[in-house]
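Notes for the one structure printed next.
Readers should treat all values here as calculations from the given coordinates under stated rules, not as data from a laboratory. What you see is a predicted model, and the numbers here were worked out from it, not measured in a lab. Methodologically, a virtual Cβ is constructed for each residue, glycine included, from the backbone with ideal geometry; neighbour enumeration extends over all protein chains shown.
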């Protein structure tokens, strides 16, 4: 796997980035006591001496910005904005660094990331690259798990054996525990024999509507491989459900990773079940970045629960505004007009009549709807359902969404535009699996692969996103790089005519994502009156060579005018004095209790304790988990 993906993994494994999540008292942000110019309102926060890309309608670039009470109050030159500095203003001298609007990931699964990190065995590369490695990782967890308890694994991808694991691979290490492992993309997985037994799945079990039970071609017995959520849920239904308290803990655990990547907002398109939805609501007062939730509808009962038991709401940090349908899976089970060499090509995950009825009901109730669609037939099925809902209950500015949009036809793009539908897609589809998609969607279909430029040229609103943790990485710079370069996992240029500029990519990742959530008047650009959400970068997105965009990183994340994450180098350039460094080391080690304004999240290298009196050693030990 000598690709950009392996380079990314190996770089992070070899030398973890050092990071601090905080509103630090250690001199990383400078409070300046200067007089206030007459007539200017004192700001809470001022950024000066930077390259601030506003992403406003004129795409203006300014030097400085002021914020008060969480909102942007002024933009302009450093001299102009200095008028807003008062005795209690926090002033951050950017020293030429680039600032953009806070990055918004409009298709990700934050709660699921927390759940997998805290509850599942990681099967992701580069740690796991073979079935032997997968089995060994699961065996290590199983040996410390009581008999009868479920053991879950997550994230296997492109294993050396060129096949998926089966129950016969898992059974020798799991005779007494039900085991279920899922792929990186999350749309297929493998159960061991014990899990199949618990779920009552055998050779006589029919495929559920929209799902597929892989069977041995000779014996007809299930191999353990389950394709699409409908089949996976045959097993997952028997797992102990997470409580809302567990979900809240997982959400709060996950948020620091998102903040450290420069994200100030996210759309969780996998808010699955009432407990996860309630977990988010319970996290409202502790979550530090802005969430936009869509409740999953994977079966008819989910729609009933949504209509009878949930009300749309908008809180200060978390908004719940709609629902997501899955109409096909990944490429091997994509719903297409022409055959492909995957598991299934001609079956959607929903009965079309049932789908259209539920879409009408939810649309009529004023809810925004999104649809996971990869294949061209799946895209048209979603558009048919939306069209019938609009005919039944006309509603301007509905902003129903198509997620992914793998291989749309020209006629589909025209319908998307005419119907006012929003597209949210992920360049990672190409970067992670471009070569595989060339196998599944060969010929002229490949020319239609994730046509971001064509969609933008048609005037269709587009939001860019990661789909993390169903892909390798969360970093928005990788999404931007992918949209600009369109390189596959082996460096092959995919549909070069669909490359877009970095300016277009940044706008789609900020304003486009905000528009997809009806939030373009509050987020997505640096304009007076909008939320003071900013991402500070290690380099200039607009001038760095396109192949180096992926190597940039977010060095500071500001949400509502407060520093939520700061990433410093090992020597912590800019720390004011040694006493502050000692303070930082003691806070990091737990020797001194942090106040709310000083909270720090860190780990010590290899979990080894250090003498907290030795501040240099303590600082050297701060690493990314």
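Shown is the FRET efficiency for residue 69 and residue 313, computed with R0 = 25 Å from the Cβ-Cβ distance and rounded to the nearest 0.05: 0.65. I want to make sure I understand the PRE zone here: with the label point 7 angstrom from the Cα of residue 61 toward its beta carbon, which residues in segment 509-545 have backbone N atoms less than 15 Å away? 537-545, by backbone N distance to the label point. Once the chain from residue 304 to residue 275 is taken as fully extended at 0.36 nm per residue, the excess over their C-alpha distance is 8.9 nm. Each peptide among 100-107, 286-293, 316-323 gets the average number of other Cβ atoms lying within 10 Å of its residues, and from highest to lowest they stand as 100-107, 286-293, 316-323.
Which distance in Å, rounded to a whole number, links the C-alpha centroids of segment 172-216 and segment 354-389? Centre-to-centre (Cα) distance: 29 Å. Compute the Cα gyration tensor for segment 269-416, then decide on rounded, prolate or oblate, letting a ≥ b ≥ c be the square roots of its eigenvalues: rounded whenever a/c is under 1.5, prolate when a/b is larger than b/c in the other cases, and oblate in all that remain. It is prolate, given that a/c is not under 1.5 and a/b is the larger ratio.
Looking at segment 300-455, the DSSP beta bridges with both ends there are about 15 percent antiparallel. DSSP bridge analysis restricted to segment 110-236 gives an antiparallel fraction near 55%, rounded to the nearest 5. In nm, give the distance between the simple-model label positions of residue 388 and residue 80, each being 7 Å from the Cα along the Cα-to-Cβ direction. Going by the 7 Å Cα→Cβ label model, 5.4 nm. May I ask for the distance between the Cα centers of segment 302-345 and segment 129-163, given as a whole number of Å? Rounded to whole Å, the Cα centres lie 28 Å apart.
Anisotropy class assigned to segment 110-236 is rounded, per the alpha carbon gyration tensor with a/c under the 1.5 cut-off. A Förster radius of 45 Å, combined with the Cβ-Cβ distance separating residue 438 from residue 139, puts the computed FRET efficiency at roughly 0.80.
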